[in-house]
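Participant: I'd like to ask you about the structure that follows.
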Amino acid sequence: MNKIGVLYSGISFQHQTLNDPQYRGQFIPINIYDLPEIDLSLYDAIIVPRSVDQVALRDYKRVIEEFLDLPGILIVLGDYNGGWLPGCQPGGFTREDDEPLIKVEEHPILKDIESEDLHWHKGINGLCSHGHLVPPAGAKTLIRNQRGDTILYEDRSSTKGIIIAGSQFDIFCHCFSRDEGAARALRNIITWVGEEAPLIREKRKQHPIGVIYSGLHFHYNLFTRPEYEDMELLYIRRLPRLDLNRYRLIIIPRESNQEMLYAQREKLIRYLEAGGTILSFGEVILPWMPGLIWNKDLPQVCYPKDADKAYKPGEVYTDNLLIEKPEHSLFEGLSMEDLKWHYHGVFAPQPGQEILLSNGQGKAVILLDEASFKGRLLATTLDPEEHAGFGEVKITERFLARCMAWAREIIAEGSPV
């Protein structure tokens, strides 16, 4: 069955419609204040009825954007104060919003619905106006008022998902009032989501790589670039609610929140034990992964004191680095110069782990563990993704590209996750 979540603010008409026997089982109520804690990847569509707390929606804007980028379907039915719906601006209120409306485009959610079916308050024009909208460029207006303002639109261009937004299209409330036109529209929405859901789920399979995102600029700046469209940012505060087994590989960038990783260490271990792959960059200052024994006593950044800020090859003291496994595919097409900028400490290898790149003294700068779990763990104290995200150190880009190519090769092999 298609999973349609409905945000719920404890309003009477929301409660009554959600509990109407004809809709029971079609919708899953979601308390608006629980939204940041919900794994929205479990839902095909989210409906926002009228009178959901708009302040909370603005607070949760990033959660909504992440859901749309899965991709997901967002259906907004009622007033809009602004600040949380991608691309949309509130258009204000006018008497014409509550007068007979005009259907200007056919759409599955408007099947068997004519313009006269859209006038909720017949005989009392202007009594209950919910305003009109200014849709983003590229959106398709489906219903307008008699002035030409948009009442309902479909947007497939502002995000990776689909947005249906309607101000006066307040069907949840009017289902409560037993309006047949509203009930027909709600049934149409259920049918339409059922038609779109398989396509949405197929697109989600195109994001086999999850990137733990701690809200940092360089994480976002790098992993939202077009070349990483097969990757999905996973906001770390939502990690407790996420199903990691949806992803064949998880990337943990440098400067990820170590305390939150430690709090979710059992979840990360279960992911590896199920056959997943983790690619970790940077320090491990808390024991969130067994076997990653990071040496905090060695210098964090191995620059000579007179290092030139241009970071040219050879200027940074990394001549002690040694490729221990040159045959490993991670190093394909790379030279030692592609690995020389700096590194952030080392790992002490544990039984079953392989050192791919060492500091020349038996400690790991790149470490591979394919023995401790059903899956694999590749950890490095190099930080190519950080510098690529900041756009400062071009020398790091070749190693970063090779890391990403290796990740995609692992996925192509076929993960059991």
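Participant: Cβ-Cβ below 9 Å, separation at least six or inter-chain, first residue in the range 169-197 and hydroxyl-bearing (Ser, Thr, Tyr), second part of a helix (DSSP H, G or I) and crowded, with 18+ Cβ neighbours inside 10 Å: which pairs?
Facilitator: Hits for this filter: 191/109.
Participant: Now for a separate question. Does the range 190-212 contain any residue that is touching a strand residue (DSSP E or B) at 6+ places or on another chain (Cβ under 8 Å), part of a helix (DSSP H, G or I), over 16 Å from residue 69 (Cα atoms) and at pLDDT 90 or above?
Facilitator: Checking the range 190-212: at least one residue is touching a strand residue (DSSP E or B) at 6+ places or on another chain (Cβ under 8 Å), part of a helix (DSSP H, G or I), over 16 Å from residue 69 (Cα atoms) and at pLDDT 90 or above.
Participant: Report yes if some residue within the range 15-30 is modelled with pLDDT under 90, within 26 Å of residue 147 (Cα to Cα) and more than 20 Å from the chain's Cα centre (by Cα); otherwise report no.
Facilitator: No, the range 15-30 contains no residue that is modelled with pLDDT under 90, within 26 Å of residue 147 (Cα to Cα) and more than 20 Å from the chain's Cα centre (by Cα).
Participant: I'd like to check something: does the range 83-93 contain any residue that is assigned by the TED database to the domain that holds residue 61, buried (at least 21 other Cβ atoms within 10 Å of the Cβ) and touching a Gly at 6+ places or on another chain (Cβ under 7 Å)?
Facilitator: No: the range 83-93 contains no residue that is assigned by the TED database to the domain that holds residue 61, buried (at least 21 other Cβ atoms within 10 Å of the Cβ) and touching a Gly at 6+ places or on another chain (Cβ under 7 Å).
Participant: Those residues that are of a type in the set (S, T, N, Q) and either over 16 Å from residue 331 (Cβ atoms) or outside any strand (DSSP E or B) (or both), I need them from the range 347-361; list them, please.
Facilitator: 350, 353, 359, 361
Participant: Filter the range 247-292 for residues that are aromatic (Phe, Trp, Tyr) and not in a loop (DSSP other than H, G, I, E, B); which is nearest to residue 209 (Cα to Cα)?
Facilitator: 271
Participant: Then there's this: Given the structure, is residue 341 among the aromatic types (Phe, Trp, Tyr) and outside any loop (DSSP other than H, G, I, E, B)?
Facilitator: no
Participant: Right, next: Going through the range 213-226 one residue at a time, which ones are part of a helix (DSSP H, G or I) and free of Cβ contacts under 8 Å to residues at least 12 places away in the same chain?
Facilitator: Listed by number, the list holds a single entry, 226.
Participant: Tell me yes or no: at least one residue of the range 383-398 is more than 26 Å from the chain's Cα centre (by Cα), buried (at least 16 other Cβ atoms within 10 Å of the Cβ) and without any contact (Cβ under 8 Å) to a residue 40 or more places away in the chain.
Facilitator: Scanning the range 383-398, I find no residue that is more than 26 Å from the chain's Cα centre (by Cα), buried (at least 16 other Cβ atoms within 10 Å of the Cβ) and without any contact (Cβ under 8 Å) to a residue 40 or more places away in the chain, so the answer is no.
Participant: Right, here's the next one. Please enumerate the residues belonging to the range 187-203 that are surrounded by fewer than 23 Cβ atoms within 10 Å (Cβ to Cβ) and hydrophobic (A, V, I, L, M, F, W, C).
Facilitator: 189, 190, 192, 197, 199, 200
Participant: Go through the residues of the range 323-339 one by one and say whether even a single one is under 24 Å from residue 232 (Cα atoms) and either touching a strand residue (DSSP E or B) at 6+ places or on another chain (Cβ under 6 Å) or not hydroxyl-bearing (Ser, Thr, Tyr) (or both).
Facilitator: Yes, that holds for at least one residue.
Participant: Please find, within the range 168-189, the residue that is nearest to residue 107 (Cα to Cα) out of those that are outside any helix (DSSP H, G or I) and under 30 Å from the mean Cα position of the chain (by Cα).
Facilitator: The qualifying residue nearest to residue 107 (Cα to Cα) is 169.
Participant: As an exercise: evaluate residue 62 against (1) surrounded by fewer than 19 Cβ atoms within 10 Å (Cβ to Cβ); (2) touching a Ser or Thr at 6+ places or on another chain (Cβ under 7 Å) and give the number of the one condition it does not meet.
Facilitator: Result: residue 62 fails condition (2) only.
The values are calculated or read from the model by the stated rules, or taken from the named source; none is laboratory data. Predicted, not measured: the structure shown is a model, and the values here were computed from it. As a convention, Cβ positions derive from the backbone with ideal geometry for all residues, glycine included, and neighbour counts pool all protein chains shown.
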